Amino acid sequence: MASTTERPRDERSPLYQRAFPNTNWNVSRDELILLPTMAERIAYLTTKFPGIIRIACLSSSDPIQAHVERVRKAFTKIIRHPDHANKTGADLGLTTVPPTLLDGLLTRYAVTSSAIKLGELADIDNSIPKVYAGATIYFMVMMMPSRDGEVSAMHTESVIVPDDDRDETYITCTSISYAGPFFLKERQAIMGELHVSQIDTAASEGTLNSLLVGEDVGIWGTDIMTSFLGKEHTYLTSPELLSQCRTPGLEKLSNDAACLALFQLRLAYSIRLTQEEHSSLRRLQEINRLSTNRGHMLVLGRGTSENSCLANCFYDVACVKDGFFPANQVFTNSPESLFVKLNERADVVYAAKEPGSHLRIHSFLNEQDRGKHYDVVSKSAGEEMIKDVFRSKSIFNIYKGGSTTSWGNKYTTHGDELPEEVERFFALVMDIFASYVENWADSLPSKD
C-alpha cells in the first residue's frame with residue numbers, strides 16, 4: 001500500500017504560480033503601467049490574468065490591504081444603494097466577489113444569492129433579533145486520521161449554545177461543494193431535510209467576473225455551502241454526513257447510527273458571547289431561513305481559494321465580538337495562524353481523551369458525555385495539538401493529485417509572504433481594481 005506521505009509539505013506551490021506559471025512579474029507591471037486608460041488596463045488584466053483579483057487581494061501587505069479597504073467601501077456603497085434594494089447580488093454580477101472584499105457580517109451572503117434581495121438583507125442587517133441571554137459558541141475541530149495514523153484533514157463547524165433555554169441552539173454547517181459528484185449524498189441529505197430544491201448557482205458575467213474567476217477549479221478552490229441547523233439536526237452536519245453516507249449499506253440518517261470514523265471531534269474551543277453578540281449572530285439565522293424558505297441553499301463564497309470552513313466560522317465571531325480578532329484579516333492569514341489566534345482567545349480548550357469514532361458532535365453537546373470523553377486542557381496544550389497537526393505530512397496529501405489539489409496545499413498557501421516583484425504587481429493590480437469599483441460606485445445616482 002502506498003504511503004500517504006509521498007509528497008511532503010515542501011512541494012507546495014503558491015496560488016499565483018499555479019494560476020500564472022512562468023510569468024515575468026516585473027515586465028507585466030511595466031506593461032500595465034504604460035497603458036494610458038482604465039479601459040485598456042482592465043482589458044489587459046482580463047485577457048492575460050483572468051481571476052487575478054481573487055489571488056491579489058489575499059496578501060496581508062499594507063499597500064495591498066489599503067487598496068482592499070477601498071474596494072470594500074466601494075462595494076458597500078453599491079450593495080446598499082437604494083436603487084439596488086429590489087435587486088439581488090446575482091442581478092449586479094456580484095456572485096463571485098470573495099468574502100475578503102466585502103465588509104460586514106451579512107453582505108458576504110447577499111452577493112452569492114439569487115434568492116435574497118439586497119433591500120431584504122439591509123432590513124435584517126438593521127434588525128436586532130430578540131434573544132433572552134448570552135451564549136457560548138463552540139468551535140468544533142474534526143480531524144481525519146490517515147492510514148499512517150497522522151491527521152490527514154480537518155474540518156471545523158461552530159455551534160451556538162444559549163444560556164437561556166428559550167433561545168435556540170444551532171450549528172453553522174458548511175459543506176464543500178466541488179465541481180462534480182463529490183459530497184453529493186451529503187448535500188442531498190441536508191437539502192432534503194430542509195426541503196430545499198437547489199443550491200444557489202447564480203452566475204455573474206462580464207468584466208467583473210473575468211477579473212475574479214479563472215477556469216481551473218484546482219487553482220481557484222471550491223464553493224462553500226452553508227446551512228444553520230437546529231440541535232435536532234446535528235447529524236446533518238458535514239462530518240456526520242461524511243461518516244454515515246460513506247458507510248456501505250447505511251442510508252438512514254440517525255444520531256445513533258454506526259459510522260465509519262472518517263472525522264473525529266478531537267478538539268474544541270469555547271468562547272463566551274454577550275447578549276448583544278448573541279443577537280448579532282442570530283441575523284445569520286434569519287438570512288438562512290429566508291433562503292431556505294425560497295428553496296435555496298446558501299452558498300458562501302463561490303470558487304474562492306481563501307475559503308475554508310475554519311475561516312468562515314472564525315469570520316462570524318470576529319464580526320460580532322469586539323476585540324476578538326479583526327474580521328477583515330481572517331482571509332489574509334493561514335489556517336495554522338488562525339488556529340493559534342483562536343487558541344489564545346478561547347475561554348476554554350477541550351481535547352479528546354482518546355481518539356475514536358465515538359467523538360461526534362451530538363455527544364459533545366451532551367455535557368455528561370463531554371466530561372467522559374474530553375479533558376479541559378491548558379492553552380499551551382491546545383496550541384501544541386494544532387502544531388502537531390500542521391507538522392503532519394499526511395495533511396498535505398489527502399486528495400488524489402497530491403500537492404496540487406490537497407487540503408493542505410489549497411488552504412495553507414495564501415498567508416505566505418510574497419516575493420517583492422509579485423507584491424509590487426499585485427499592489428498595482430489592486431489599485432486598478434479599487435479605482436474600477438470606485439468608478440462604478442460613484443456613477444450611481446445620488447441618494448438625496
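Rule-based calculations on the coordinates, nothing more; no lab input. Worth saying up front: this structure is predicted, and the values here are computed from it rather than measured. Here Cβ is always computed from backbone atoms with ideal geometry, including for glycine, and neighbour counts include all displayed protein chains.
Can you list the lysines whose alpha carbon is less than 28 Å from that of residue 87, not counting same-chain residues fewer than 8 positions off?
73, 77, 117, 130, 447
When ranked by the protection proxy of mean other Cβ atoms within 10 Å per residue, highest first, what sequence do the peptides 27-33, 231-237, 271-277 form?
Descending packing order for the listed peptides: 231-237, 271-277, 27-33.
Using the Karplus equation 6.51 cos²θ - 1.76 cosθ + 1.60 (θ = phi - 60°), what ³J(HN,Hα) coupling, rounded to whole Hz, does each residue of segment 231-246 give in order, writing x for Gly and Pro?
Going residue by residue, I get 4, 5, 9, 4, 6, 8, 5, 4, x, 5, 5, 4, 5, 8, 5, 8 Hz, with x marking Gly and Pro.
Provide the per-residue ³J(HN,Hα) series for segment 17-27, in order, calculated from phi with Karplus coefficients 6.51, -1.76, 1.60 and θ = phi - 60°, each as a whole number of Hz, with x at glycine and proline positions.
Those phi angles translate into 6, 5, 6, 9, x, 6, 8, 8, 5, 5, 5 Hz.
Hey, can you rank 365-372, 185-192 by average C-beta count inside 10 Å, highest first?
185-192, 365-372
Using +1 on the beta carbon of Lys and Arg, -1 on that of Asp and Glu, and nothing else charged, what's the dipole of segment 1-141 about the Cα centre, debye to 20?
80
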